[in-house]
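Asks: Right, I'll just put the structure down here and ask away after.
The values are calculated or read from the model by the stated rules, or taken from the named source; none is laboratory data. Everything numeric in this text was worked out from a predicted model, so none of it was measured. Virtual Cβ from ideal backbone geometry, glycine too; neighbours counted across all protein chains shown.
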Amino acid sequence: MSRVPSSTTVAVLLGGWSAEREVSLSSGKACTAALERAGFKVVPIDVKRETIVADLQRVKPDVAFNALHGKWGEDGCCAAILETLQIPYTHSGVLASSLAMHKEKSKIVFRAAGVPVAESMLVPLEDVATSHPMKPPYVVKPVAEGSSVGVHIVHAGANTPVTAVLAERAIFGSHAMVERFVPGRELTCAVIGDKALGVIDIVSKGSGWYDYEAKYAPGGSQHILPAQIPADVYRKCQDYALAAHNALGCRGVSRTDFRYDDKTGDLIVLEVNTQPGMTGTSLVPELAAHAGQSYEELVTWMVNDASVDR
């Protein structure tokens, strides 16, 4: 049953304490404004570990709009709190969120569903810093972070491994994921409900890859929509995005990121974002707009899609 905006209180959960706090604050602010324009009663909650349960019990929202990113907000932990309190919430449930956040475990699910991924392995942090775990080029990344936090690219011919990871133990933990580098283009495709939207070709400036700066700085990247790629590759992106979304058990909105080597035709899925960014430079609102759905209509759909037992 659709929720009536004027009688529905939505708690927008934003901020948190992950490495992606600033991005979440930006997403949450944009979602709050859009929900208010749509007519909902909106209460932003800057999520604190010590007070989140009390804050939710005080506000008594009809729906929690989860605009958190990164650990504790996007990995199923927050969803578990909302399930326990029986507050309907947006995005994916506990299991899907947890699986999607863990890049190595999600690959097991993707392979079983016929979704192509790059070869990778989990390697102790000390080993990553002392020798090449695989022949360059390869990528070193935290196994459970987003927004390109902590990502290092080791180019072909590199003489030394990535020693910087030892100073980033708080981000990596005990192990890093080492993944074969796939050259080429950055593509992304969103799923809303049971439908895959268009495909964006992301042309990054500065570093040349879709790093944190390219994702969130104004002018950091150019988004080509629809992507100028062969029609069969475009369809494969849509098919793989929907297959990955369904294989993980995602709900609501997700976004799947790809690497496409237009010289060899190699197309692989990097990851599924169960709570993709909703900032002014974010991809999902742009993809929704291309499909004829305004920002206000998108967040309204998400509120109406909210539930427990996700």
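Asks: Return the residues of the range 255-300 that are of a type in the set (S, T, N, Q) and either more than 15 Å from the chain's Cα centre (by Cα) or over 24 Å from E22 (Cα atoms) (or both); say none if nothing qualifies. Break it down stepwise before answering.
Replies: Keep residues of the range 255-300 that are of a type in the set (S, T, N, Q), which gives 256, 264, 273-275, 279, 281-282, 293-294, 300.
Correct list: T264, Q293, S294, T300.
Asks: Go through (1) in contact (Cβ under 8 Å) with a residue 24 or more places away in the chain; (2) more than 23 Å from A118 (Cβ to Cβ); (3) out of contact with any Lys or Arg (no Cβ under 8 Å at 6 or more places or on another chain); (4) assigned to a loop (DSSP other than H, G, I, E, B) one by one and return the number of the condition R310 breaks.
Replies: Among (1) in contact (Cβ under 8 Å) with a residue 24 or more places away in the chain; (2) more than 23 Å from A118 (Cβ to Cβ); (3) out of contact with any Lys or Arg (no Cβ under 8 Å at 6 or more places or on another chain); (4) assigned to a loop (DSSP other than H, G, I, E, B), the lone unmet condition for R310 is (3).
Asks: I've got another one for you. Quick check on V128: is it outside the structural domain of S24 (by TED's automatic domain parsing), within 22 Å of N246 (Cα to Cα) and crowded, with 16+ Cβ neighbours inside 10 Å? Walk me through it before giving the result.
Replies: Working: outside the structural domain of S24 (by TED's automatic domain parsing): yes; within 22 Å of N246 (Cα to Cα): no; crowded, with 16+ Cβ neighbours inside 10 Å: yes.
For V128, the condition - outside the structural domain of S24 (by TED's automatic domain parsing), within 22 Å of N246 (Cα to Cα) and crowded, with 16+ Cβ neighbours inside 10 Å - is not met.
Asks: Now for a different question. List, please: which pairs have Cβ atoms under 7 Å, are six or more places apart or on different chains, and start with a residue in the range 116-129 that is more than 16 Å from D266 (Cα to Cα) and end with one that is loosely packed, with under 14 Cβ neighbours inside 10 Å?
Replies: As it stands, the answer is P124/S174; L125/L166; L125/R169; L125/S174; A129/T163; A129/L166, since those pairs meet every condition given.
Asks: Exactly one of these conditions fails for G16: (1) under 21 Å from the mean Cα position of the chain (by Cα); (2) in a loop (DSSP other than H, G, I, E, B); (3) of a type outside the set (S, T, Y); (4) surrounded by fewer than 20 Cβ atoms within 10 Å (Cβ to Cβ). Give me its number.
Replies: In the conditions (1) under 21 Å from the mean Cα position of the chain (by Cα); (2) in a loop (DSSP other than H, G, I, E, B); (3) of a type outside the set (S, T, Y); (4) surrounded by fewer than 20 Cβ atoms within 10 Å (Cβ to Cβ), G16 misses (4) alone.
Asks: Give the residues of the range 182-194 that are over 10 Å from H245 (Cβ atoms) and of a type outside the set (D, E), sorted by residue number.
Replies: V182, P183, G184, R185, L187, T188
Asks: Out of curiosity, is Y240 crowded, with 20+ Cβ neighbours inside 10 Å and among the hydroxyl-bearing types (S, T, Y)?
Replies: For Y240, the condition - crowded, with 20+ Cβ neighbours inside 10 Å and among the hydroxyl-bearing types (S, T, Y) - is met.
Asks: What residue, among those in the range 41-74 that are basic (K, R) and touching a strand residue (DSSP E or B) at 6+ places or on another chain (Cβ under 9 Å), is nearest to L95 (Cα to Cα)?
Replies: Just the residues of the range 41-74 that are basic (K, R), to begin with: 41, 48-49, 58, 60, 71.
Within this subset, residues satisfying the condition of being touching a strand residue (DSSP E or B) at 6+ places or on another chain (Cβ under 9 Å) are 41, 60.
Working: K41: 29, K60: 25 Å.
Among those residues, the one meeting the criterion is K60.
Asks: Continuing with the same structure: E50 passes all but one of (1) surrounded by fewer than 20 Cβ atoms within 10 Å (Cβ to Cβ); (2) touching a residue at least 24 places away in the same chain (Cβ under 8 Å); (3) farther than 13 Å from G70 by Cβ; which number fails?
Replies: (2)
Asks: Within the range 116-123, can one find any residue that is surrounded by 18 or more Cβ atoms within 10 Å (Cβ to Cβ) and under 25 Å from R251 (Cβ atoms)?
Replies: Yes: the range 116-123 contains one or more residues that are surrounded by 18 or more Cβ atoms within 10 Å (Cβ to Cβ) and under 25 Å from R251 (Cβ atoms).
Asks: Here's something else I'd like to know. Count, please, the residues in the range 19-59 that happen to be among the hydrophobic types (A, V, I, L, M, F, W, C) and in a loop (DSSP other than H, G, I, E, B).
Replies: 4
Asks: Next question. With respect to P226, determine if the residue is at pLDDT 95 or above, more than 23 Å from A33 (Cβ to Cβ), not hydrophobic (A, V, I, L, M, F, W, C) and not assigned by TED's automatic domain parsing to the domain that holds S27.
Replies: So P226 passes the test.
Asks: In the range 219-299, which strands (runs of 3 or more DSSP E) lie fully inside it and hold 3 or more residues that are in contact with a Phe, Trp or Tyr (Cβ under 9 Å, 6 or more places away or on another chain)?
Replies: Where strands (runs of 3 or more DSSP E) fall fully within the range 219-299 and carry at least 3 residues being in contact with a Phe, Trp or Tyr (Cβ under 9 Å, 6 or more places away or on another chain), they are 253-261, 266-273.
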